[in-house]
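The values are calculated or read from the model by the stated rules, or taken from the named source; none is laboratory data. In this text the structure is predicted, and so the values were computed from the model without any measurement. Here the Cβ positions follow ideal geometry from the backbone for every residue, glycine too, while neighbour counts run over all protein chains shown. Remember, those area values only see protein heavy atoms, side chains included, never the ligands or the DNA or RNA. Shrake-Rupley method; radii C 1.70, N 1.55, O 1.52, S 1.80 Å.
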Amino acid sequence: MNDFPTRNVFPHTAAINAQGRLVLGGCDVMDLAQEYGTPLYVYDEETLRRVCRQYREEFGSRYADTRVIYAAKAFINVALAGLLREEGLGLDVASGGELAVGLAGGMPAAEVYFHGNNKGGDELAEAVRGGIGRIVVDNLHELDLLEEVTQEVGRVQDILLRVSPGVDPHTHAYISTGALDSKFGFPIETGQAEEAVRQALASKGVRLVGLHCHIGSQLFETEPYVEAVRIVLGFAARMREEGFQLLEFSPGGGFAIAYTRDDEPPSVATFAEAISSAVKRECEAQGFDSQPTLVIEPGRSIVGPAGVALYTVGSRKAIPGVRSYVSVDGGMGDNIRPALYQAQYEAVVANRMEQEPAERVTIAGRFCESGDILVRDVDLPATEPGDIIAIPASGAYCPAMASNYNMAPRPAIVLVRDGAARLIRRRETYQDLMAADVV
Ligand code: LLP
């Protein structure tokens with residue numbers, strides 16, 4: 001099979017066939033576009049399963065007591081939850097909605113961790129009643145709510161406390177979460193984390209089993225994790241005087257993926273080595289009798305590289321001496337990331353994979369906003385209406401953050417494997433757009 005310059009950002013099975021077309025999971029993407037329409041999100045099952053196994057193996061071989069829970073916010077649906085379960089992963093959910101989808105997909109409640117800085121009383125009650133594995137408590141209001149809820153339900157709930165270690169992870173400000181000035185978690189620096197540990201230990205409704213931190217997302221460096229491990233485990237050691245025993249520790253998720261040909265994120269093995277050795281080292285240094293269960297929460301790095309978005313080329317606007325816009329049938333409604341985070345993507349013309357670039361264009365979405373640009377200044381072969389543009393590394397936080405802006409039905413999603421495609425989410429219809437309207 002021929003290789004191409006953006007190979008690194010495509011799923012493992014990506015190839016080019018004799019017609020010069022992009023193939024994913026053995027399926028010619030032109031056939032997929034024909035059958036399911038566009039915009040279409042295509043997930044390569046082999047890539048998905050391979051990354052799940054990598055996480056379990058690379059962490060598990062270095063730190064046997066590791067639990068890998070997938071961060072559902074990156075993208076969840078009923079079929080995907082089932083697949084993740086088959087691969088032995090648990091789930092990190094950020095809402096009652098994510099929890100419901102995970103459970104519907106067969107994820108056992110005991111394998112679910114519930115996150116969020118403002119979980120509602122009803123959500124908490126439902127989670128506790130349903131036997132959720134852990135609630136990751138973010139603030140004292142939540143601890144109070146849990147006290148009431150657990151009494152009502154008559155169950156003692158295992159919890160982690162989310163602490164904020166005050167580490168700068170060097171990522172986009174909107175996805176940086178571990179610094180002191182963040183809405184998430186109890187800061188260690190200010191004494192609030194200590195207070196939370198005391199209150200949790202005094203509570204009858206909860207059992208404090210450990211600590212969690214998540215310092216940010218799309219992190220290319222291992223150092224911030226090592227730093228966070230050092231700070232949080234140091235804090236845990238100090239809390240022993242209060243009667244706290246660290247049974248579980250989670251440094252969160254956030255592992256970077258490649259979006260562009262030049263991105264070179266560390267491998268799963270590199271993150272696993274850095275984090276597991278830091279945990280062992282700190283446990284030793286702090287004189288812990290036993291090492292805690294290590295819980296990691298990858299989201300983006302599991303689904304991101306597996307997903308490719310397909311769009312059909314429509315109109316074009318060439319502004320002489322300025323730029324040429326090529327418009328496609330999706331955009332910020334299905335991928336808000338360029339507009340929200342200035343995220344960069346690669347793009348290829350899926351039916352012209354062997355043609356040399358002929359022009360530099362900007363790929364514009366179809367939404368009624370100037371900021372609706374998917375990819376700026378990309379070199380592509382000459383395109384015509386009806387060509388299919390594929391944007392790789394689109395599996396994370398694209399369908400998950402999709403909206404019905406401009407009343408656009410959200411795209412269909414297929415899973416491809418061994419030459420067969422399985423529809424795991426149908427395209428929304430106009431009826432769906434009105435389904436919740438009350439006249
Ligand atoms: N754990 C917690 C507590 C989190 O808050 C997050 C992400 C994760 C795990 C998973 O992080 P990941 O491995 O996916 O980087 N919408 C943004 C990303 C927001 C991330 C929020 N929290 C984006 O499109 O880049």
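Annotations for the structure displayed:
- Just one of the listed residues (ASP3, ASP31) is surrounded by fewer than 20 Cβ atoms within 10 Å (Cβ to Cβ) and modelled with pLDDT under 95, namely ASP3.
- Failed item, numbered, when VAL326 is tested on (1) open to solvent by 40 Å² or more (accessible area, probe 1.4 Å); (2) touching a strand residue (DSSP E or B) at 6+ places or on another chain (Cβ under 9 Å): (1)
- Residue among LEU84, LEU80 that alone is outside the structural domain of ILE413 (by TED's automatic domain parsing), modelled with pLDDT of 95 or more and in contact with a Cys (Cβ under 7 Å, 6 or more places away or on another chain): LEU84
- In the set (1) more than 16 Å from the ligand (Cβ to nearest atom); (2) open to solvent by less than 50 Å² (accessible area, probe 1.4 Å), ASP418 fails one condition alone, (2).
- Residue check for SER370: outside any helix (DSSP H, G or I), out of contact with any Cys (no Cβ under 8 Å at 6 or more places or on another chain) and without any contact (Cβ under 8 Å) to a residue 24 or more places away in the chain: yes
- Residues of region 194-233 that are more than 16 Å from the ligand (Cβ to nearest atom), assigned to a helix (DSSP H, G or I) and open to solvent by less than 10 Å² (accessible area, probe 1.4 Å): ALA196, VAL197, ALA200, LEU233.
- Residue count, region 318-348 (criterion: more than 26 Å from the chain's Cα centre (by Cα) and in contact (Cβ under 8 Å) with a residue 12 or more places away in the chain): 5
- Restricted to region 355-373, and to residues there that are more than 14 Å from ILE389 (Cβ to Cβ) and of a type in the set (Gly, Ala, Ser), the residue that is farthest from the ligand (Cβ to nearest atom) is ALA358.
- Residue selected from region 62-83 under the condition touching a residue at least 12 places away in the same chain (Cβ under 8 Å) and part of a loop (DSSP other than H, G, I, E, B), by the criterion farthest from SER95 (Cα to Cα): ARG62
- Test set (1) in contact with a Gly (Cβ under 8 Å, 6 or more places away or on another chain); (2) of a type outside the set (A, V, I, L, M, F, W, C); (3) within 16 Å of the ligand (Cβ to nearest atom) - GLY105 fails condition number: (3)
Let's see how each residue does on (1) modelled with pLDDT under 95; (2) among the β-branched types (Val, Ile, Thr); (3) surrounded by fewer than 17 Cβ atoms within 10 Å (Cβ to Cβ); (4) farther than 30 Å from ILE424 by Cβ:
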{"position": "GLU241", "(1), (2), (3), (4)": "no, no, yes, yes"}
{"position": "GLU248", "(1), (2), (3), (4)": "no, no, no, yes"}
{"position": "ALA258", "(1), (2), (3), (4)": "no, no, no, no"}
{"position": "PHE271", "(1), (2), (3), (4)": "no, no, no, no"}
{"position": "ALA285", "(1), (2), (3), (4)": "no, no, yes, yes"}
{"position": "VAL295", "(1), (2), (3), (4)": "no, yes, no, no"}
{"position": "LEU310", "(1), (2), (3), (4)": "no, no, no, no"}
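- Of all residues in region 49-79, exactly one satisfies the criterion of being more than 14 Å from the ligand (Cβ to nearest atom), among the aliphatic types (A, V, I, L, M) and open to solvent by less than 30 Å² (accessible area, probe 1.4 Å), namely ALA79.
- Just one of the listed residues (GLU384, GLU428, GLU369) is more than 30 Å from ALA94 (Cα to Cα) and either at pLDDT 95 or above or not aromatic (Phe, Trp, Tyr) (or both), namely GLU384.
- Just one of (1) within 16 Å of the ligand (Cβ to nearest atom); (2) over 24 Å from GLU46 (Cα atoms); (3) open to solvent by less than 10 Å² (accessible area, probe 1.4 Å) fails for ILE391. It is (2).
- Taking the conditions (1) in a loop (DSSP other than H, G, I, E, B); (2) closer than 20 Å to GLY304 by Cβ in turn, GLN19 satisfies each one other than (2).
- Residue match in region 163-183 (condition: assigned by TED's automatic domain parsing to the domain that holds PRO224 and more than 24 Å from the chain's Cα centre (by Cα)): no
- Restricting region 122-144 to residues that are part of a helix (DSSP H, G or I) and open to solvent by 30 Å² or more (accessible area, probe 1.4 Å) leaves a set whose member that is nearest to the ligand (Cβ to nearest atom) is GLU123.
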